[in-house]
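The values are calculated or read from the model by the stated rules, or taken from the named source; none is laboratory data. In this text, all values refer to a predicted model and were calculated from it rather than measured experimentally. Positions of Cβ are generated from backbone atoms using ideal geometry, with glycine treated the same way; all protein chains shown enter the neighbour counts. To get the accessible areas, we keep the full protein, side chains included, count just its heavy atoms, and leave off ligands, DNA and RNA. Shrake-Rupley method; radii C 1.70, N 1.55, O 1.52, S 1.80 Å.
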Amino acid sequence: QVQLVESGGGLVQAGGSLRLSCAASGSSFSRYTMAWFRQAPGKQRELVAAITPGGSTNYADSVKGRFTISRDNAESTVYLQMNSLKSEDTAVYYCAAASGYVYMYYPGAFGSWGQGTQVTVSS
């Protein structure tokens, strides 16, 4: 298990950008699959993006071409660069970690979670 702390959320106008960061504590960060999920009011938590220990990435169709996930193993940090934000991106964004590789990116596959950070996009 790792402890995760997100930062970087806030209020931004549609078309703007934000970068979320997730700092992990504990050892062996490089061995974890890291992901960003989001949850809007009244909706289920959904995958936004994930990155494997090997650096392969996976994105929700709704964010492809606009969001980029990356990781810095030396800093034990994962990032989510969000560009061309839309009002429908408004949600609480959660960082999550799973040991090793996962084959289905659903919330139950991830054992460690951050507290969440609010992203609000005004139209």
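Does Ser70 satisfy being assigned to a strand (DSSP E or B), among the polar types (S, T, N, Q) and open to solvent by less than 50 Å² (accessible area, probe 1.4 Å)?
Yes: the conditions hold for Ser70.
Pairs only if they're at least six apart or on different chains, beta carbon under 8 angstrom, first in region 11-32 and in contact (Cβ under 8 Å) with a residue 60 or more places away in the chain and open to solvent by 50 Å² or more (accessible area, probe 1.4 Å), second polar (S, T, N, Q) and in a helix (DSSP H, G or I); list them, first residue then second. Listed pairs, sorted by first residue: Ala14/Ser87. Across region 77-92, the number of residues qualifying as farther than 16 Å from Glu46 by Cα and touching a Cys at 6+ places or on another chain (Cβ under 9 Å) comes to 3.
Say we look at region 87-102 and pick out the residues that are out of contact with any helix residue (DSSP H, G or I) (no Cβ under 8 Å at 6 or more places or on another chain) and assigned to a loop (DSSP other than H, G, I, E, B); which of these is surrounded by the fewest Cβ atoms within 10 Å (Cβ to Cβ)? Once the filter is applied, the top-ranked residue is Tyr101.
Just one of the numbered conditions (1) under 23 Å from Ser17 (Cβ atoms); (2) part of a strand (DSSP E or B) is not true of Gly55: (2). Exactly one of these conditions fails for Thr57: (1) under 17 Å from Ser7 (Cβ atoms); (2) in contact with a strand residue (DSSP E or B) (Cβ under 6 Å, 6 or more places away or on another chain); (3) without any contact (Cβ under 8 Å) to a residue 60 or more places away in the chain; (4) open to solvent by 60 Å² or more (accessible area, probe 1.4 Å). Give me its number. Of everything listed in (1) under 17 Å from Ser7 (Cβ atoms); (2) in contact with a strand residue (DSSP E or B) (Cβ under 6 Å, 6 or more places away or on another chain); (3) without any contact (Cβ under 8 Å) to a residue 60 or more places away in the chain; (4) open to solvent by 60 Å² or more (accessible area, probe 1.4 Å), Thr57 misses just condition (1).
The set of residues from region 107-123 being outside any helix (DSSP H, G or I) and within 13 Å of the chain's Cα centre (by Cα) comprises Phe110, Ser112, Trp113, Gly114, Gln115, Gly116, Thr117, Gln118, Val119. Remark: pairs (first residue in region 95-123, under 14 Å from Gln1 (Cα atoms) and among the aliphatic types (A, V, I, L, M); second residue outside any strand (DSSP E or B) and open to solvent by 20 Å² or more (accessible area, probe 1.4 Å); Cβ separation under 6 Å; 6+ apart in sequence or on different chains) = Ala98/Ala109; Ala109/Val102.
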